[in-house]
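Here's the structure we're looking at; comments come further down.
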Amino acid sequence: MTTPPVIQPLPVHVAIIMDGNGRWAKERHQPRLFGHRAGVESVRVIVEAAREIGIRHLTLYAFSTENWQRPGLEVKGLMALLKTFLLAELETMKKNGIRLDCFGQKERLPDEVRAVLERVIAETANAPGMRLNLALSYGSRAEMLRAVREVSRRCAAGELAPEAIDEELFSNQLYSAGQPDPDLLIRTSGEQRLSNFLLWQLSYAELYFTETRWPDFRRAQFFEALQVFANRQRRFGKTGEQV
């Protein structure tokens, strides 16, 4: 394994839309689950690379609310892969100080998958290193509606004045509460859209799109994306001279 390059500045939080497993498999005349299995190895590689180079928060879009509409056999296979991945990686996460969190509707996951997920989250809760967020049964619009309902409930109960609602309060109702917004979004496989992913949190993220399918996205491609980020000037509404 090669030593990570020196890249400065690094993003604190990287979010990735892991796209292209199915197309990767189709190009090889294989079923879609063949691509998803290959994609799991990319997850392992990128999590390790991110930890090594010093990324503090990594969020992976693993399964969207819309993905429940896929064929039942594919969904069942994806859930089995998720369970296997979590069980296989638990000791590695604990060894490397990685804390696991979940963004999304955990209650929609199969009982046996949710039980394993909650076990891994509990056993890594005090890990001091990188925060790994898996977006599972996740949709950003549903996330924001959930936050609006909670804020509305508190207002109706007299616990909160409407004029007290600000960006920080709203952010604290999201799954990502307590974590910084992503600095960099990476999407693989050539698509250039957000696909209902972290719409609030990505407001000022740098966007990086690559034609590389997710199963082929490994250390070299990840470090290239980080270098592109490092070469950009982030102005947050200011002029270049002010920055």
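The values are calculated or read from the model by the stated rules, or taken from the named source; none is laboratory data. Note that this is a predicted model, so its numbers are computed, not measured. Note that each Cβ is placed from the backbone with ideal geometry, even for glycine, and that neighbours are counted across all protein chains shown.
I'd like the full set of residues that are of a type in the set (S, T, N, Q) and surrounded by 14 or more Cβ atoms within 10 Å (Cβ to Cβ), limited to segment 122-146. Within segment 122-146, THR124, ASN133, SER137, SER140 meet the criteria.
Out of ARG119, ARG149, ARG153, ARG108, one residue alone is touching a Phe, Trp or Tyr at 6+ places or on another chain (Cβ under 8 Å) and surrounded by fewer than 18 Cβ atoms within 10 Å (Cβ to Cβ). It is ARG108.
Tally up the residues in segment 204-236 that are in a loop (DSSP other than H, G, I, E, B) and farther than 15 Å from THR59 by Cβ, please. Walk me through it before giving the result.
Quick first cut of segment 204-236, residues in a loop (DSSP other than H, G, I, E, B) only: 204-205, 210-213, 217-218, 232-236.
This time we only want the ones that are farther than 15 Å from THR59 by Cβ, so: 204, 210-213, 217-218, 232-236.
Residues meeting the conditions: 12.
Among the residues of segment 152-163, those identified as under 24 Å from ARG141 (Cβ atoms) and in a helix (DSSP H, G or I) are SER152, ARG153, ARG154, CYS155, ALA156, PRO162. The sole residue among ILE165, ILE186 that is more than 16 Å from the chain's Cα centre (by Cα), among the hydrophobic types (A, V, I, L, M, F, W, C) and surrounded by 13 or more Cβ atoms within 10 Å (Cβ to Cβ) is ILE165.
Of the helices (runs of 4 or more DSSP H) lying entirely inside segment 28-138, those carrying at least 3 residues that are more than 26 Å from GLN179 (Cα to Cα) and either touching a residue at least 60 places away in the same chain (Cβ under 8 Å) or not aromatic (Phe, Trp, Tyr) (or both) are 32-53, 72-95. Scanning segment 189-198 for residues that are on the phi > 0 side of the Ramachandran plot and either surrounded by 21 or more Cβ atoms within 10 Å (Cβ to Cβ) or assigned to a strand (DSSP E or B) (or both) returns SER189, LEU198. Would you mind stating whether SER176 is at pLDDT 95 or above, buried (at least 19 other Cβ atoms within 10 Å of the Cβ) and in a loop (DSSP other than H, G, I, E, B)? In short, yes.
In the set (1) of a type in the set (Gly, Ala, Ser); (2) surrounded by fewer than 18 Cβ atoms within 10 Å (Cβ to Cβ); (3) closer than 19 Å to VAL14 by Cβ, the condition left unmet by GLY72 is number (3).
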